[in-house]
Amino acid sequence: MTISQPTTTERSGRQAAARRELVLRAAVHRRLVDPEDALLAAFVDLDGMAASVAALHRAFPDSVDVLHTFAAKANCLIPVLERLRGLGMGCEVASPGEFAQALAAGFDAARIVLDSPAKTRRELVQALDLGVAVNIDNWQELERIDEILRTRETRETRETRATRSRLGIRVNPQVGGGTIGAMSTATATSKFGITLADEGSAEQLLAAFRERPWLTWIHAHVGSQGCPLDLMGEGVAAAVAFAEKVNSELGRRQVVGIDIGGGLPVNFAGDDTDPTFETYVDRLRAHAPALFSGDFQVVTEFGRSLLAKNGFTAAYVEYTKTSGGRHIAVTHAGAQVATRTVFMPDAWPIRITAHHPSGAAKDGDLVPQDVAGPCCFAGDLVAKARPLPLLAPGDLVALLDTGAYYATNHFQYNSLPEPAVHGYTVDADGGVHFELLRRAQTIAELVSAGR
């Protein structure tokens, strides 16, 4: 009889599951999750985060001058941002709040990139004062920058630059969308950027660069989850081609950098990291070889792909019931921490594991069950008819791959308070070490915030 050996993927999955179980057991033991006082908590794997950042840095050749920035929207907790800064990352921000969080986390202004299609004049002035890079989204914003710089030039000598900021234009290469429309930002009618393919638009952009020698960067971001790598490569290639056209037509090396955005999709079906940063760089080489020629500086803005798989959310089962023959487990994790999964379950399915109150993994026959949240609407389900060992009150469920865009992007439905977020590391002897990244919001704090 031939006994099949486990594949590398299977071994990797078992190791990841064992590590999560080890962490969840330790969290229960230390009452970071507790059936009375901590019904819901999120966890970020700080070791895994460091490994993901290292993989990103390895993927790009040393011959390219690249600044990797972290998209703060993916996990805006200041302790997380501080850790990322320590790992050599810059920070991409897209709101006044994220801008303030990046500064509070200690990022140098020169390593912050300000995006957003709705930047206020105040934000722009602050960015130009500090020397933060700005990706200009539209013609009206460009006019606003013109006005701010003109005002500064009247106060400064002609020999003094009006700002130290790297200024560029976000272009929409209009290469199409992926399988999730809401995550596709390079469609024909996207709200982001200035179009390249619309009639006369490229010529108008070329004139804008000719008239403004301080415009020295091009930014393009095709999308994220659901976007094929080749589509993303085509968008970057269009941005690089336009940069080369600007430099050729103007007869000078004006565009010196390309911001390629982020958006690497994440595998939510298993523990493997697929695609990898190395795979993406290979596709970029195929579509936009000039990006690696050394002629351009490069900025990246990855977020979800760095943190999603380095986190999970744990919640207690409060009640179980059957309805129409369907088993239902009512838990404390729902739309408030898994908003996209609840409202777009087909686009954002997540894995769920079942655990005893001790944190140990449950086994036994798999029974289709709805895993429901606490929110007061019928659709608050993080999984529907999901085969799991039969859950009981007091059990725990773990929502996997939630290190980005889940508990840290809290949805305040039913005035449910924000859960605690804990970082963790595991030493060589299997010891689990926790670090509080965000304490749980109390009901008293929630009430006082509404006064």
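The values are calculated or read from the model by the stated rules, or taken from the named source; none is laboratory data. None of these values were measured; they are calculated from a predicted model. Because the Cβ atoms are built from the backbone with ideal geometry, glycine has one as well, and the counts that use them run over all protein chains shown.
So which residues in segment 265-289 are over 23 Å from the mean Cα position of the chain (by Cα) and crowded, with 16+ Cβ neighbours inside 10 Å, if there are any at all? Give the derivation first.
Taking segment 265-289 as the starting set, the residues that turn out to be over 23 Å from the mean Cα position of the chain (by Cα) are 285-289.
Residues satisfying the conditions are His287, Ala288.
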Query - strands (runs of 3 or more DSSP E) fully within segment 308-358 counting 1 or more residues that are under 22 Å from Ala440 (Cα atoms) and either at pLDDT 95 or above or touching a helix residue (DSSP H, G or I) at 6+ places or on another chain (Cβ under 8 Å) (or both) - result: 311-323, 326-331
Query raised in the report: Residue check: is Pro417 touching a helix residue (DSSP H, G or I) at 6+ places or on another chain (Cβ under 8 Å) and over 22 Å from Ser358 (Cβ atoms)?
Result: yes
Requested in this report: Filter segment 246-295 down to residues that are outside any loop (DSSP other than H, G, I, E, B) and polar (S, T, N, Q) and give me whichever is farthest from Leu399 (Cα to Cα).
Outcome: Ser248
Report summary line: Looking across segment 80-137 at residues that are more than 28 Å from Ala186 (Cα to Cα) and basic (Lys, Arg), the single one that is surrounded by the fewest Cβ atoms within 10 Å (Cβ to Cβ) is Arg85
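Take the residues in segment 186-200 that are in a loop (DSSP other than H, G, I, E, B) and β-branched (Val, Ile, Thr), then tell me which one is surrounded by the most Cβ atoms within 10 Å (Cβ to Cβ).
First, the residues of segment 186-200 that are in a loop (DSSP other than H, G, I, E, B): 186-193, 196-200.
With the extra rule that they be β-branched (Val, Ile, Thr), the set shrinks to 187, 189.
Numbers: Thr187: 17, Thr189: 7.
Looking at the filtered set, the residue picked out is Thr187.
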Query raised in the report: Out of (1) at pLDDT below 95; (2) within 18 Å of Val317 (Cβ to Cβ); (3) polar (S, T, N, Q), what's the single condition that is false for Asn409?
Result: (2)
Query raised in the report: Just one of Val367, Val421 is of a type in the set (A, V, I, L, M), surrounded by fewer than 16 Cβ atoms within 10 Å (Cβ to Cβ) and touching a Leu at 6+ places or on another chain (Cβ under 6 Å); which is it?
Result: Val367
Report task. Please identify the pairs in which a residue from segment 428-451 that is closer than 20 Å to Asp37 by Cα has its Cβ atom under 7 Å from the Cβ atom of a residue that is aliphatic (A, V, I, L, M) and assigned to a loop (DSSP other than H, G, I, E, B), counting only partners at least 6 apart or on another chain. Result -> Phe434/Leu32; Leu437/Leu77; Arg438/Leu77
**Report entry** Residue count, segment 321-344 (criterion: more than 24 Å from Ala404 (Cα to Cα) and in contact with a strand residue (DSSP E or B) (Cβ under 8 Å, 6 or more places away or on another chain))
**Finding:** 6
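Somewhere in segment 76-83, is a residue free of Cβ contacts under 8 Å to residues at least 60 places away in the same chain, out of contact with any Cys (no Cβ under 7 Å at 6 or more places or on another chain), in the same structural domain as His219 (by TED's automatic domain parsing) and not acidic (Asp, Glu)? Reasoning before the result, please.
Applying the first criterion (free of Cβ contacts under 8 Å to residues at least 60 places away in the same chain) to segment 76-83 yields 78, 81-82.
Going one step further and asking which of them are out of contact with any Cys (no Cβ under 7 Å at 6 or more places or on another chain), we end up with 78, 82.
From what's left, in the same structural domain as His219 (by TED's automatic domain parsing): 78, 82.
Subset that is not acidic (Asp, Glu): 78.
Yes, segment 76-83 contains a residue that is free of Cβ contacts under 8 Å to residues at least 60 places away in the same chain, out of contact with any Cys (no Cβ under 7 Å at 6 or more places or on another chain), in the same structural domain as His219 (by TED's automatic domain parsing) and not acidic (Asp, Glu).
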Report summary line: Met232: passes all of (1) within 27 Å of the chain's Cα centre (by Cα); (2) touching a residue at least 60 places away in the same chain (Cβ under 8 Å) but (2)
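From the set of residues in segment 220-245 that are of a type outside the set (Gly, Ala, Ser) and assigned to a loop (DSSP other than H, G, I, E, B), which is farthest from Asp137 (Cα to Cα)? Outline the logic, then answer.
Here is the first cut: in segment 220-245, the ones of a type outside the set (Gly, Ala, Ser) are 221-222, 225, 227-232, 234, 236, 240, 242, 244-245.
Then drop every residue that is not assigned to a loop (DSSP other than H, G, I, E, B), which leaves 221-222, 225, 227-228.
Numbers: His221: 12, Val222: 14, Gln225: 22, Cys227: 21, Pro228: 24 Å.
Applying the filter and picking the extreme gives Pro228.
Take the conditions of a type outside the set (Asp, Glu), within 26 Å of His355 (Cβ to Cβ) and out of contact with any strand residue (DSSP E or B) (no Cβ under 7 Å at 6 or more places or on another chain) and apply them to Ala18. Does it pass? Quick ask: steps written out before the conclusion?
Values: of a type outside the set (Asp, Glu): yes; within 26 Å of His355 (Cβ to Cβ): yes; out of contact with any strand residue (DSSP E or B) (no Cβ under 7 Å at 6 or more places or on another chain): yes.
In short, yes.
Would you point out the residue of segment 201-219, among those that are of a type in the set (A, V, I, L, M) and either in contact with a Ser or Thr (Cβ under 9 Å, 6 or more places away or on another chain) or assigned to a helix (DSSP H, G or I) (or both), that is modelled with the lowest pLDDT?
From segment 201-219, those of a type in the set (A, V, I, L, M) are 202, 205-208, 215, 218; that's our starting set.
Add one more test, that the residue is either in contact with a Ser or Thr (Cβ under 9 Å, 6 or more places away or on another chain) or assigned to a helix (DSSP H, G or I) (or both), and what stays is 202, 205-208.
On the way: Ala202: 94, Leu205: 97, Leu206: 97, Ala207: 97, Ala208: 97.
My answer is Ala202.
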